[in-house]
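Report on the structure given below.
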Amino acid sequence: MNSYLSKSLYMKGLQCVKALYLQKYHADLKDPITESQQMLINNGEDVNIYSRLLFPEGILIDNESSSIPYQIKETEREIKKGTRAIFEGSFSFNDVFTRVDILALQYGSYNIYEIKSTTEVKDEHIDDVALQYHVITGAGVKVSSASVAYINNWYVRNDSIKPDELFTIEDVTDAVIRKQDYVAAEIEKQKRVLLRKTPPSIDIGEYCDKPYPCDFKGYCWQHIPTPSIFDLRGRGVKKFNLYHKGIIRFEDIEIESLPINQQIQVKATLNQENSINRGAIRQFLNTLTYPLAYLDFETASHPVPFYSDCRPYQQIPFQYSVHIIPRKGAEVIHYEFLAEPCVDGRRALVEALIAAIPANSCVVTYNKAFEIGVLKSCIAWFPEYENEVQAIIDNIVDLMIPFKNREVYYWTMNGSYSMKSVLPALLPEMGYSGLEIGNGNMAMSAFFKMNELEDAEEIDRIRLSLLEYCKLDTLGMVRIVEELRNLCKNAKIMGVASR
């Protein structure tokens, strides 16, 4: 059994045989699952459920509470019965095990359907289906075709979900058949790896993140110091080229060979020095006029559209926070909105936002492209509010620009200009580390969870956490602008070099 392979092991081995070995024998070394990874897993499960509606006569093989031998036997029984469609059918051949998302009977033979939550067929999907084809045909099942069913991102929901419109089905039979010799050879190669007494000696490389982030990266990258060349932000340098030359630490880099923004990052880190271009900052601050409205949305996206008139993966706003300063020297006023669980709150959100933001406000956002995208969607959903929402769009100013352009750079930003790096760098007392929800993915996950719960107390707890997080985003922008004004007022500030 040491050389027994599953489809998930095989796919891991295609990316890196060291990861294959570690997964088989040292799974305890894996990195914890991140919020983003868990959402991808959940999305895949949801998409699988909807894909089964394409074959309403199908039978699901229980793989939650039964053993693999039982699952294989149950699949064999359904095939002998002539079941029209089998979900999660299990097969084993030559010590390789696989499950098939959907196996559909047509004219005496079966069609394989691999379900993906992506919006296109990728090379790794072909590898996935090719292994399934190898195992299923090897187990004696006649297969006439193999397809990948993926999300049609042009689909627009109208009332209930229409599975035949939600999915695009692409026949990949020819590509799968061409892969069969490769699959057989790869299986034998991976089995030999699994018979080793120690893992293969493989250095880190670009394959650590392609096609998927490896969950043993923390283990394999232990020797990389912090900071290192892999912490350089932006394009312009091939990091693994430097790595293979033995250039790893910032101290090892020939700084002049880097693009200017990376030079700023490296020099600032080595000298632990911050820098500010006061002239550029004054120009930016002069674009801000009163009333000032600091705006931030939280959104949720899913491969299966939530509501009517929504597309797969469209960003659906469920929350906003806005801090208003009506005039210079005035007190800051805060407004917020968070949709109720299991309710389409889009209209209520738009109406509340229009009421909250004074006419002709200068609207400050962080990464305005995102907020503008959300607001344009609101116009599409509710064209009767086009004038009011477009007025907000027309008056947006992007607070991210001075940091993206390195006009303000603190060495503790580690090359990043995201709000999550900028705020605690400029104002350490205002970081996100103490919050239960600390980033957008966590907020999205919390919103999903809130919609699934029935416990009123737990729902209230999540609501408070979401409100606290979103409020910090806009209050943080208020404080950042105040800090920029302070930096421009003071000619000399400890630890800050002028440019």
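Annotations for the structure displayed:
Yes or no, residue by residue, for (1) under 19 Å from the mean Cα position of the chain (by Cα); (2) within 30 Å of ASN152 (Cα to Cα):
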| position | (1), (2) |
| --- | --- |
| PHE297 | yes, yes |
| PHE306 | yes, yes |
| PRO341 | no, yes |
| ASP344 | no, yes |
| ILE354 | no, no |
| SER361 | no, no |
| VAL364 | no, no |
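- Selection status of ARG282, out of contact with any helix residue (DSSP H, G or I) (no Cβ under 6 Å at 6 or more places or on another chain) and over 30 Å from ILE459 (Cβ atoms): no
- Within region 12-49, being surrounded by 18 or more Cβ atoms within 10 Å (Cβ to Cβ) and touching a Leu at 6+ places or on another chain (Cβ under 8 Å) holds for LYS12, GLY13, LEU20, TYR21, LEU22, GLN23, LYS24.
- Counting residues in region 96-106 that are at pLDDT below 95 and either in a helix (DSSP H, G or I) or of a type outside the set (Val, Ile, Thr) (or both) gives one or more.
- Members of region 394-411 that are crowded, with 18+ Cβ neighbours inside 10 Å, among the hydrophobic types (A, V, I, L, M, F, W, C) and in a helix (DSSP H, G or I): PHE403, TRP411
- Criterion violated by HIS302 - all others in (1) outside the structural domain of PRO402 (by TED's automatic domain parsing); (2) farther than 25 Å from VAL481 by Cα; (3) surrounded by 14 or more Cβ atoms within 10 Å (Cβ to Cβ) satisfied: (1)
- Qualifying positions in region 412-433 - more than 17 Å from ILE401 (Cβ to Cβ) and in a loop (DSSP other than H, G, I, E, B): ASN414, LEU427, GLY431, TYR432, SER433
Condition check ((1) in the same structural domain as GLU88 (by TED's automatic domain parsing); (2) surrounded by fewer than 13 Cβ atoms within 10 Å (Cβ to Cβ); (3) closer than 30 Å to GLY246 by Cα) across all residues:
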position: ILE115; (1), (2), (3): yes, no, no
position: ALA130; (1), (2), (3): yes, no, no
position: VAL148; (1), (2), (3): yes, no, no
position: ASP159; (1), (2), (3): yes, yes, no
position: ASP174; (1), (2), (3): yes, yes, no
position: GLU206; (1), (2), (3): no, yes, yes
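- Restricted to region 110-165, and to residues there that are assigned to a loop (DSSP other than H, G, I, E, B), closer than 23 Å to GLN180 by Cα and not basic (Lys, Arg), the residue that is farthest from the chain's Cα centre (by Cα) is GLY140.
The values are calculated or read from the model by the stated rules, or taken from the named source; none is laboratory data. Remember, it's a predicted structure, so these values are computed and weren't measured experimentally. Cβ: placed from backbone, ideal geometry, glycine included. Neighbour counts: every protein chain shown.
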